[in-house]
Amino acid sequence: MARKVHLNEVETRFVGLLDDFAGKLSPPVECRIAGGWVRDKLLSLPSHDLDIALSIPSGHSFAVEFVNYLKTKDITTGSVGKVAANPEQSKHLETGTTRILGLECDFVGLRSETYADSRIPQVKPGTPLEDASRRDLTINALFYNVHTREVEDYTQRGLSDLDNKIACTPLPPKQTFQDDPLRILRCIRFASRFDLIIEDHVMEAIKEEDVKSAIATKVSKERIGIEVTKMLKHDPFRAMSLINQLGLHQHVFACDIDPPRQTAFASAQILQNLSKRFFVDDMLWLATAATPFDNLTVKRKGKDIPAASVIISEGLKDAAVRPWQRSLTWSVVMEILPGWTGGWDDRAEAIAVKYEHFGRCIEASGLPDSIDKPLLINGTELQALLSITPSPLLQTIRQALNIWQLDHPEGNKEECEVWLKQQWEGQGRAEWESRSQPKKPVKGEKRKR
């Protein structure tokens, strides 16, 4: 029996208009909504992004004509953008993008793909089966036929995999992942988001060294970072668990140096235990991935910088705020980590309780507003006030300023300047200069604590 999906009022209108327009063309064009929208509708999840797969090559030409048709119906749309699949070989396969009835729509011809040495395919027009087969997982290879109003499952297992919560590739997994190693990360993301079981033969294919090593060699760090950011939005512990289980940490979180990675999953386990008691966000989950790089440095533009900061900056693409609770939670993780044995014990509980008490004291003292308050004197003003230039000394003084503001929550800028000058003309200067002396850690080696 064919599977149907429930459309809301806007989707019903959109599908009716698209069916009417495509049927009047000569010859008529078959239209199918593909991929994630179909999956989400079957799961009763909201979705506003539609990929419309067409039986003609050019999605852009179709989109332009469809928008012109909608104008005759007094329907306002966005302008039509053009995205070429491959500017050199596939100019006839442009994707047309626009906004219709509040829905983000991409129109693209059904296609088949072949791969050489990169993850950028050679694209040519294809059949619905070929288009479904090129996708990452069977649950993402479903089509909704605009004309029959039915779901089409050309892999013959997408619907059953969705029902049974199984992650499986349409083609043999090694071929799927070697063609585009980014699909490995997408597999982890969807498995963690929808609580899917990754089939054993898919797991084994990912674990093969030549398959997983291609992540770092074929996929840009930017694309890896985007996938990591997305997988941290739903069930980050499951995502980190799969990365650990599949032996992917060194390939997903690649750096100039390659320390042992055991502390990454250990800190993720601790954070999971703390997640119902302490503030936890995406940045903290990513920090667990960076724990193997604690106190290690790498060269960037001739300077030694913390390797952990490289991992975090390349792994999380969203802008992040800096709530004080994040530092509190991370302090708990790092204090528990050295004695962590894989399970919550009395020692871990005692540390957590200690920090819970500390957090309550911070709240009771009215310090959160002071913690989040910007420095009363910014860097430029600080340089002018003390006649200094940008250097490690400047950062040390800023840290001292921060402590002064916490000790004087009602203090103003003038009082801060007076204190700062007194310190600079007294013993404070020598102490700050001493603390600002550059250290010379050996690249890739632990700094002495």
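Just one of the numbered conditions (1) out of contact with any strand residue (DSSP E or B) (no Cβ under 9 Å at 6 or more places or on another chain); (2) among the β-branched types (V, I, T); (3) in contact (Cβ under 8 Å) with a residue 40 or more places away in the chain is not true of T217; which one?
(3)
Yes or no: region 343-362 includes at least one residue that is in a helix (DSSP H, G or I) and touching a Pro at 6+ places or on another chain (Cβ under 9 Å).
Keep residues of region 343-362 that are in a helix (DSSP H, G or I), which gives 346-362.
Adding the requirement that they be touching a Pro at 6+ places or on another chain (Cβ under 9 Å) leaves 362.
Looking through region 343-362, at least one residue is in a helix (DSSP H, G or I) and touching a Pro at 6+ places or on another chain (Cβ under 9 Å).
Looking at the structure I just gave you, is T297 buried (at least 17 other Cβ atoms within 10 Å of the Cβ), at pLDDT below 95 and among the β-branched types (V, I, T)? Working first, answer last.
On the way: buried (at least 17 other Cβ atoms within 10 Å of the Cβ): yes; at pLDDT below 95: yes; among the β-branched types (V, I, T): yes.
In short, yes.
Just to confirm my filter: which strands (runs of 3 or more DSSP E) fall fully inside region 1-110 and include at least 3 residues that are in contact (Cβ under 8 Å) with a residue 40 or more places away in the chain and either at positive phi or not small (G, A, S) (or both)? Walk me through how you get there before you give the answer.
Values: elements: 31-34, 49-54, 81-83, 95-100, 103-109.
Here the list reads 31-34, 49-54, 103-109.
Being under 32 Å from the mean Cα position of the chain (by Cα), under 25 Å from Q325 (Cα atoms), modelled with pLDDT of 85 or more and surrounded by 11 or more Cβ atoms within 10 Å (Cβ to Cβ): is that true of G411 here?
Details: under 32 Å from the mean Cα position of the chain (by Cα): no; under 25 Å from Q325 (Cα atoms): yes; modelled with pLDDT of 85 or more: yes; surrounded by 11 or more Cβ atoms within 10 Å (Cβ to Cβ): yes.
No: the conditions fail for G411.
Filter region 275-304 down to residues that are part of a loop (DSSP other than H, G, I, E, B) and farther than 24 Å from Y355 by Cα, then give me how many there are.
Residues of region 275-304 part of a loop (DSSP other than H, G, I, E, B): 275-281, 294-296, 301-302.
If we keep only those that are farther than 24 Å from Y355 by Cα as well, we get 296, 301-302.
Within region 275-304, residues that are part of a loop (DSSP other than H, G, I, E, B) and farther than 24 Å from Y355 by Cα number 3.
Just checking, how many residues over region 318-340 are within 11 Å of I270 (Cβ to Cβ) and part of a loop (DSSP other than H, G, I, E, B)?
1
On the basis of being in the same structural domain as R186 (by TED's automatic domain parsing) and either under 23 Å from D179 (Cβ atoms) or in contact (Cβ under 8 Å) with a residue 12 or more places away in the chain (or both), does P236 make the cut? It would help to see each step written out before you state the result.
Numbers: in the same structural domain as R186 (by TED's automatic domain parsing): yes; either under 23 Å from D179 (Cβ atoms) or in contact (Cβ under 8 Å) with a residue 12 or more places away in the chain (or both): yes.
Here the answer is yes, as P236 does meet what is asked.
Only residues that are among the hydroxyl-bearing types (S, T, Y) and touching a Lys or Arg at 6+ places or on another chain (Cβ under 8 Å): list them for region 203-252, please. If you could, list the steps in order and put the result at the bottom.
Here is the first cut: in region 203-252, the ones among the hydroxyl-bearing types (S, T, Y) are 213, 217, 220, 229, 241.
Within region 203-252, just T229 meets the criteria.
Looking at (1) touching a Gly at 6+ places or on another chain (Cβ under 9 Å); (2) in contact (Cβ under 8 Å) with a residue 40 or more places away in the chain; (3) not in a helix (DSSP H, G or I), which is the one condition that is false for D258?
All conditions are met except number (2).
Quick check on region 223-230. Is at least one of its residues under 24 Å from K165 (Cβ atoms) and aliphatic (A, V, I, L, M)? Talk me through it step by step, then tell me what you get.
First, the residues of region 223-230 that are under 24 Å from K165 (Cβ atoms): 227-230.
Still in the running and aliphatic (A, V, I, L, M): 228.
Yes; the residues of region 223-230 include at least one that is under 24 Å from K165 (Cβ atoms) and aliphatic (A, V, I, L, M).
Scan region 29-42 residue by residue and report those that are surrounded by fewer than 20 Cβ atoms within 10 Å (Cβ to Cβ) and modelled with pLDDT under 95.
The answer is G36, and nothing else.
Among the listed residues S112, S58, identify the single one that is under 22 Å from S133 (Cα atoms) and within 30 Å of the chain's Cα centre (by Cα). I'd like the intermediate steps shown before the answer.
Working: S58 fails: within 30 Å of the chain's Cα centre (by Cα).
The unique qualifying residue is S112.
Going by the structure shown, is E410 acidic (D, E) and assigned by TED's automatic domain parsing to the domain that holds R429? Explain how you work it out, then say what you get.
Details: acidic (D, E): yes; assigned by TED's automatic domain parsing to the domain that holds R429: yes.
The answer is yes for E410.
Mind listing just one residue for me: the one in region 204-218 that is among the small types (G, A, S) and within 13 Å of T176 (Cα to Cα) and, of those, modelled with the highest pLDDT? Full working, then the answer.
Taking region 204-218 as the starting set, the residues that turn out to be among the small types (G, A, S) are 205, 213-214, 216.
Checking the rest, the ones that are also within 13 Å of T176 (Cα to Cα) come to 205, 214.
Values: A205: 97, A214: 92.
Out of the qualifying residues, it is A205.
The values are calculated or read from the model by the stated rules, or taken from the named source; none is laboratory data. These numbers were taken from a predicted model, which means no experiment stands behind them. Heads up, the Cβs are rebuilt from the backbone with ideal geometry, glycines too, and the neighbour counts pull from every protein chain shown.
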